[in-house]
1. For region 90-177, what does the accessible surface come to per residue with a 1.4 Å probe? Please give it in Å².
2. Bin all alpha-carbon pair distances of region 84-179 at 5 Å intervals from 0 and give each bin's fraction as a whole percent.
3. Starting from one equal scatterer on each C-alpha and no solvent at all, send me the Debye-based log10 I(q)/I(0) for region 14-120 at q = 0.11, 0.13, 0.17, 0.23 Å⁻¹, two decimals.
4. With the Cα gyration tensor of region 73-131 in hand, give its eigenvalues times 5 under a square root as the equivalent ellipsoid semi-axes, listed largest first in whole angstrom.
5. Val59 accessible area, nearest 10 Å², 1.4 Å probe?
6. Let me check something: with ligands and nucleic acids excluded, how do Arg157, Arg55, Arg13, Arg85 order by accessible area (1.4 Å probe), largest to smallest?
7. Which order do you get for Leu21, Leu91 if you rank them by accessible area with a 1.4 Å probe, largest at the top?
8. With Cβ to Cβ distances under 15 Å as the rule, what net charge do the other residues near Ile172 carry (K, R +1; D, E -1)?
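The values are calculated or read from the model by the stated rules, or taken from the named source; none is laboratory data. Nothing here was measured: the structure is a model prediction, and the numbers come from that model. When we count neighbours, we look across all protein chains shown, and the Cβ atoms used for this are built from the backbone with ideal geometry, even at glycine. Surface areas here come from the heavy atoms of the whole protein model, side chains and all, with no ligands, DNA or RNA. Shrake-Rupley method; radii C 1.70, N 1.55, O 1.52, S 1.80 Å.
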Amino acid sequence: MWSFLTHLLSPKRFFTVSHQLLPWLIALFILSLSYGLIGGLVLAPKDYLQGDGFRIIYVHAPCAFLSLFIYAVMAVAAVIGLVFRIKLAFLVMRHSMTLGAGFTLLALITGSLWGKPMWGTWWLWDARLTSELILLFLYLGMILFQSAIAQKRQGERATAILVLVGFVDIPIIHYSVYWWNTLHQGATLKLLAPSAIHSSMLYPLLAMTTAFLCYYAIVLFLRVGYDLTATATNHHWLQDHR
């Protein structure tokens, strides 16, 4: 298991896979974003209750999904980093934090913009909104904590532990609309049940979610690749100047 993970998550393997996937991810991002925007903003009909105001879902829902998905990726990377001491896992965790914080902030902002005309207020201490706000604080806290640790290796392990502790907020966010009486609607997209919206609205939403996922993957590949290259360059420079 150790040798398999070491080979699979080695820097050389990462560069090979990323160089192969990046052109496809960029193409998929452009296509899905184009279709999602046109389908969501132009082709999809008005909602029978919310009118055109519902169209913010095409940004809000993908951002909310990515805020949870990225944290789940970080948790998996934290486990791999702590158990197998693989550097690439810590890099994935570190560079996912700012992306996750950005998507969480966008989810909260677009949710407030949506909530004002629908609920009559910018903010409510609703269970879903509050738990999502806590997620933003978790992201920001981990970013500040890791940057404040003097020794990088110790900081990575400590941050990984914090990521795993904070993971308890993820199921709370997901099930908050079922566990408590909230104004926030239930899940729009469901894996094991029919979706709650018509296909004319659903397909652009799926396309926008795909575009946001591709964006996350593209930026993560580029950031991790740059970090690995910079580390290798500094190592060679130190070796040459000893």
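1. Working: 4270 Å² over 88 residues.
Ligands and nucleic acids excluded, the result is 48 Å² per residue.
2. 2, 12, 20, 21, 16, 11, 8, 5, 2, 1, 0
3. Rounded to two decimals, the profile gives -0.51, -0.67, -0.95, -1.24.
4. Values: eigenvalues 245, 24, 6 Å².
Computed over region 73-131, the values are 35, 11, 5 Å.
5. Number for this one is 60 Å².
6. Details: Arg157 75, Arg55 35, Arg13 100, Arg85 155 Å².
Of Arg157, Arg55, Arg13, Arg85, the descending order of accessible area is Arg85, Arg13, Arg157, Arg55.
7. On the way: Leu21 75, Leu91 0 Å².
Of Leu21, Leu91, the descending order of accessible area is Leu21, Leu91.
8. Details: positive: Arg128; negative: Asp126, Glu132, Asp169.
Charge balance in the 15 Å sphere: -2.
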